[in-house]
Amino acid sequence: MIGLVFLLVLIPNIAGAAERPADFAYGMAIQADAAHALHEIEIPAAVYRAVTRADLGDVRVFNGQGEVVPHALRPRVAVSEQTGGAVSLPSFPLWGEGANKLDDLNLRIEKRGDGMIIDVQNRAKSGAEKKLRGYLLDASAVKRSLSTLEFDWQSAADGFIGMVRVEGSDDLSHWNVLADNAALARLSFGGHQVKRGRVELRAAKAKYLRISWPQSQPPLEALTVVAEPNPIVVASPRMWQSFVGSPVSGKSGAYSYNLGGAFMFDRLRVQLPQVNTLVQAQILSRAKTSDQWRPVTSALAYRLREGDAEVSSPEIIVTSHGERYWLLQVDQKGGGVGSGALAIEIGWVPHKLVFAARGAGPFQLAYGSSRVKPAALAIDSLIPGYKTNAEFKVARATLGEQVTLAGVSRLGATRDYQTLALWGSLILGVSVLGWMALRLSRQVSSPPAESQTTENSH
């Protein structure tokens, strides 16, 4: 019974043991504005070198009372799209006579030196009946290709439904179809309004656009067009760090690299020691020295000079899972890399950690521990409206210099004494219960002493 009581008392104490800054190897002070509820910090390279988990599961934020506060990691974005905003395009009506095609119209177009249209005049006979046949749009000021056009026009009281054709040109002579039979509509029915004025364009860059429609269709009066350029894909800023390789003994052209941490990078540069070098290299990795090398990719690396200009091979796209050890196996045809050290440079999009400023400061980032489990929340549970960025704004916080907390003793694989104690207590408790059950069963199966004496007397 004593063992059972000990078990019931010990288990809650073990399970509820709170983490402390002393459970981690290193820390950094966080400078945060107390006026904000949510703060964001960018994870520096020093943290990647100290953590024991590639998923940053051994990173915590503590408040001034030594309590862990809620935190989450933002999803990393390798590339982002930047939109340039909608642009209103100058439009010029095109008038025609009878059944003449747009290409047959007799026009006089005035342009400035930069190509922008100033005026469009129709040279039809003054007495001839004119009919609106289309519009000429000037997109010369837009430096990117256009993705969509948004049309607006005056329509009759009974509404409008029709089709348009969009063509593009750079010289006003040769035209390419960018959208054909695109539907436009503006209708009223039962108190409801139906409008369709958006036209998707084929991917193309054109200085000038020409809008037309079938001759049997009512014209688009007082047309205005707003264009949306295609977004620009921009690579997210990356951190970069260089490592010098060590030649592998007994393997010609092999160079090993110890990154010293769990860097989840996606770009790699090969820094050749001499100019006018061109080699084929195979790239391999492994998490531990006891593991087998895993092929990652192969690439052509070069460093060439012509006159005063020097060109190097582009960044190599790789997939890293936080492996610490890397190997470059260089083909020795052509003499390999020659003399000098072969270095690599890795680039990664740093994680951003968001935390809630619960409790009083100062706040501290702690990291590096083989004894703790991941404790980060999902980003959308920490930040309401995260996907729309509608509810809470996140303030930027800064980090101080690295300080030693418990030191490197927290980084190595250690015995989990809490888990061992828990299992020991469970085994002890089960043993006590088993012993009690066995003793009780013996007492039940054995007859009382008085009953045995009576039977013997008979």
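When residues in region 190-205 are screened for being surrounded by 11 or more Cβ atoms within 10 Å (Cβ to Cβ) and under 18 Å from F160 (Cβ atoms), 6 of them pass. The one condition from (1) modelled with pLDDT of 95 or more; (2) touching an Asp or Glu at 6+ places or on another chain (Cβ under 7 Å) that Y257 does not meet is (2).
Here's a check for you: in region 168-204, which residue that is part of a strand (DSSP E or B) and at pLDDT below 85 is farthest from S145 (Cα to Cα)? Here the answer is F189. Scanning region 283-309 for residues that are over 22 Å from V248 (Cα atoms) and touching a residue at least 12 places away in the same chain (Cβ under 8 Å) gives R303, L304, R305. Close contacts from region 38-62, counting a first residue that is more than 16 Å from M239 (Cβ to Cβ) and a second that is of a type in the set (S, T, Y), with Cβ to Cβ under 6 Å and a gap of 6+ residues or different chains, come to T52/S370; D58/T52; D58/S369; V59/Y367.
β-branched (V, I, T), at pLDDT 85 or above, crowded, with 17+ Cβ neighbours inside 10 Å and not in a strand (DSSP E or B): is that true of V47 in this structure?
For V47, the condition - β-branched (V, I, T), at pLDDT 85 or above, crowded, with 17+ Cβ neighbours inside 10 Å and not in a strand (DSSP E or B) - is met.
Restricted to region 358-381, and to residues there that are within 17 Å of E42 (Cβ to Cβ) and of a type in the set (A, V, I, L, M, F, W, C), the residue that is surrounded by the fewest Cβ atoms within 10 Å (Cβ to Cβ) is I379.
The rows are residues; the columns are (1) more than 26 Å from the chain's Cα centre (by Cα); (2) in the same structural domain as R371 (by TED's automatic domain parsing).
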| residue | (1), (2) |
| --- | --- |
| I43 | no, yes |
| A54 | no, yes |
| V61 | no, yes |
| G66 | yes, yes |
| S91 | yes, no |
| E97 | yes, no |
| I109 | yes, no |
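In summary, strands (runs of 3 or more DSSP E) completely within region 219-306 and bearing 1 or more residues that are of a type in the set (D, E, K, R), closer than 30 Å to M163 by Cα and out of contact with any His (no Cβ under 6 Å at 6 or more places or on another chain) occur at 221-229. Look at (1) part of a loop (DSSP other than H, G, I, E, B); (2) within 25 Å of M264 (Cα to Cα); (3) assigned by TED's automatic domain parsing to the domain that holds S312; (4) not aromatic (F, W, Y) and you find that I344 fails only one, number (1). Scanning region 222-243 finds no residues that are in contact with a helix residue (DSSP H, G or I) (Cβ under 7 Å, 6 or more places away or on another chain), among the hydroxyl-bearing types (S, T, Y) and not assigned by TED's automatic domain parsing to the domain that holds E315. If you go through region 351-380 and keep only what is of a type in the set (D, E, K, R), under 25 Å from the mean Cα position of the chain (by Cα) and part of a loop (DSSP other than H, G, I, E, B), you end up with just K373.
Here's a check for you: in region 309-348, which residue that is charged (D, E, K, R) and loosely packed, with under 15 Cβ neighbours inside 10 Å is nearest to A78 (Cα to Cα)?
As a first pass, look at region 309-348 and keep what is charged (D, E, K, R): 310, 315, 323-324, 331, 333, 345.
Now narrow it down to the ones that are loosely packed, with under 15 Cβ neighbours inside 10 Å: 310, 331, 333.
Details: E310: 28, D331: 31, K333: 35 Å.
Among them, the one singled out is E310.
Inclusion of V275 among residues that are in contact with a Gly (Cβ under 7 Å, 6 or more places away or on another chain) and over 30 Å from R144 (Cβ atoms) is not warranted.
Taking only pairs six or more apart or across chains, which ones have beta-carbon atoms under 7 Å, a first residue in region 73-93 that is farther than 30 Å from V47 by Cα, and a second residue that is among the β-branched types (V, I, T) and not in a strand (DSSP E or B)? Taking only residues 6 or more apart or on different chains, the pairs are V87/V142.
For region 249-264, does any single residue satisfy the condition of being of a type in the set (D, E, K, R) and surrounded by 13 or more Cβ atoms within 10 Å (Cβ to Cβ)? Spell out how you get there, then give the answer.
Restricting attention to region 249-264, the residues satisfying the condition of being of a type in the set (D, E, K, R) are 251.
Still in the list and also surrounded by 13 or more Cβ atoms within 10 Å (Cβ to Cβ): none.
No: region 249-264 contains no residue that is of a type in the set (D, E, K, R) and surrounded by 13 or more Cβ atoms within 10 Å (Cβ to Cβ).
Each residue in region 325-349 was checked for being at pLDDT 95 or above and among the charged types (D, E, K, R), and 1 of them qualify. Among the residues of region 132-162, those identified as surrounded by fewer than 14 Cβ atoms within 10 Å (Cβ to Cβ) and either over 27 Å from I118 (Cβ atoms) or among the small types (G, A, S) (or both) are A141, A156, A157, D158.
Looking only at residues in region 385-412 that are at pLDDT below 75 and more than 20 Å from E42 (Cα to Cα), which one is nearest to the chain's Cα centre (by Cα)? So the residue we want is T388. The selection criterion, being within 18 Å of P273 (Cα to Cα), among the aliphatic types (A, V, I, L, M) and out of contact with any Phe, Trp or Tyr (no Cβ under 9 Å at 6 or more places or on another chain), does not hold for A376.
The values are calculated or read from the model by the stated rules, or taken from the named source; none is laboratory data. Remember, predicted model here, so these are calculated numbers, not experimental data. No Cβ is skipped: glycine too gets one built from the backbone with ideal geometry, and neighbour counts run over all protein chains shown.
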